[in-house]
Amino acid sequence: MTSSLSRFALVFLLGTAAALAQPNEIRKSIARISNTAQEANYRVPWLPGGMSGGSGTGWVVSADRLLTNAHVVSNARFLTVEKEDDPKKYIATVEHIAHDCDLAILKVQDASFFKGTKPLPLGGIPALESVVTVFGYPIGGDRMSVTQGIVSRIDFRTYAHSVVDSHLSIQIDAAINPGNSGGPVMQGTKVVGVAFQGFSGDVAQNVGYMIPTPVIQHFLDDIKDGHYDRYMDLSIGIGNTLNPAMRKALGLKDDDRGVIVTSVQSAGVCAGQVLVGDVLLTIDGLDIASDGMVELEGERVLMSEVAERKFLGDKVKFALLRDKKPVEVTVTFDRPWPFTMLSNTYDTQPHYVLFGGLLFQPLSRNLLAAYQFTSDRINFHYDFFISKELYKERPEIVVLSALLPDPLNTYLGEFQQGIVDEVNDRKIRTLKNLAEALEAKADFYVIKFVGHGRPLVLERTAVEAARERIGKRYNVLAEQNLGSAR
């Protein structure tokens, strides 16, 4: 991995790739990607999920690598890439993938794929109302499609792939259709973005979005050490100070600067450094406007965009007012935001523990989608996991998601959709805690659930007697998968 990356190594600095003279040379460096994917099976987690197929677009980003969207190659079991005017299908593998910013790097097994191609160089952020060209393989035909559009908006918006991560994005009036994803958006001979999402026709016409080059470059710089660390996050909430009376009460000047800190997550990097009630005036020397915007590279963007440009180990400096007195604070990004329960998860098998036909799983967006739970308690823990800091008590919310019917658990249906609180008086904070508690020798296992009046009780000898019977009946390949659970 290290040696290949040093070759790869990355010819990713802006402007280092050779300029391309002709549009047909651009086309030679663009590939169609076909993905045979397999979804995870959250309802029967020891068995594989269903197979599906999809396609997208990629482009040569270095001498021997392709760049595309993460959602094009997620859950991949077999990938092939094709070039225009080349009938051969080349086998590819995912080398790096970033689900939080929807980008991925592919390695092609046969180096001859890159014959006649050139890396497409990265440009900057295109100006509003400027023209861009979108290359890709959208639905409706087998050959490459080339369309043009106008840059209509530069904004900070949610990326649909993860559902919860927001980054800089650029809106264009060229439609982004299935198959376009991952394709380069060009201005002249330089890539100014990657096509990645759009609206369906019944929502908006001719509205598409591209991932701009600061996000692309951040991803490429992050993986230079052979590992992707994810985007950093300040993990704070802010409120505007547009109200004149509020500004006077906070001791602010009439200069339209400053935002008030409304929340600080205890598990975030700002905990203990930035306090609720602080008024942030600058971030890394950039003035923070009263609406939370800063001017960065000629554009007004959210102050969080400054943190977006940081990497693990980097620092960010705030000038702020605390009790109307000036204070300077330096925050180190020593860890990424750890709680991804609210986001879609890909490329991993579900974690679970099966015990006596009782299926326990950690709460996640994927689990919710699979089961459509009706429990208000589960919905509360999911919706307020971060804002009410429920993770402080339970880093993982362990749910009894299903029962495999057996004489052992015939009368236990009332506990389904319950959140595990204790097992034999041992607090359960994670799935690993649960597995350890159920592995401990005991005559009875007394399982208590949050808000439930009485416990679920299983006898050890009965569980052991039912293990083989349940395993055979439901084709259980493994009774647990803890993965990297805490």
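If you take the square roots of the eigenvalues of the alpha-carbon gyration tensor of the range 201-319 and sort them as a ≥ b ≥ c, do you get rounded (a/c under 1.5), prolate (a/b over b/c) or oblate?
Judged from the Cα gyration tensor, the range 201-319 comes out oblate (a/c at least 1.5, b/c at or above a/b).
Between residue 324 and residue 131, the simple label model (points 7 Å from Cα in the Cβ direction) yields a spacing of 5.9 nm. Quick check: net charge around residue 247, other residues with Cβ under 14 Å of its Cβ, Lys/Arg +1 and Asp/Glu -1? Charge balance in the 14 Å sphere: 0. With 28 Å as the limit, write out which pairs from 107/317; 315/392; 107/315; 224/315 have Cα-Cα distances beyond it, or answer none. Checking Cα-Cα distances, 107/317; 107/315 exceed 28 Å.
For Cα extents along the principal axes in Å, the value computed from the atomic coordinates appears in the list (i) 79, 68, 43; (ii) 76, 69, 48; (iii) 89, 53, 45 under label (ii). Among the aspartates and glutamates, select those whose C-alpha is under 16 Å from the C-alpha of residue 427, and discard any that sit fewer than 8 residues away in the same chain. Within reach: 393, 396, 436, 439. Within the range 219-327, the GluC sites (Glu not before Pro) that combine a DSSP coil assignment with at most 10 other C-beta atoms in a 10 angstrom radius are 297. Subtracting the Cα-Cα distance of residue 156 and residue 221 from 0.36 nm times their residue separation leaves 21.3 nm of extension gain. Relative to one another, the C-alpha centroids of the range 219-285 and the range 357-420 are positioned 34 Å apart. Spin-label pair residue 465-residue 78: with each label point 7 Å from Cα along the Cα-Cβ axis, the two points sit 4.7 nm from one another.
Net charge of the neighbourhood of residue 393, taken over other residues with C-beta under 9 Å away and scored Lys/Arg +1, Asp/Glu -1, is +3. For the range 265-370, the square roots of the Cα gyration tensor eigenvalues, ordered a ≥ b ≥ c, give a/c of at least 1.5 with a/b greater than b/c, which places it in the prolate category.
Take the Cα atoms of the range 352-481, build their convex hull, and give its volume per residue in Å³.
Working: hull volume 14.0 nm³, N = 130.
It comes to 107 Å³ per residue, whole-number rounded.
Only the coordinates and a few stated rules stand behind these numbers; no lab work does. Quantities reported herein were computed from a predicted structural model and do not represent experimental measurements. Glycine also receives a Cβ, built like all others from the backbone with ideal geometry; neighbour counts cover every protein chain displayed.
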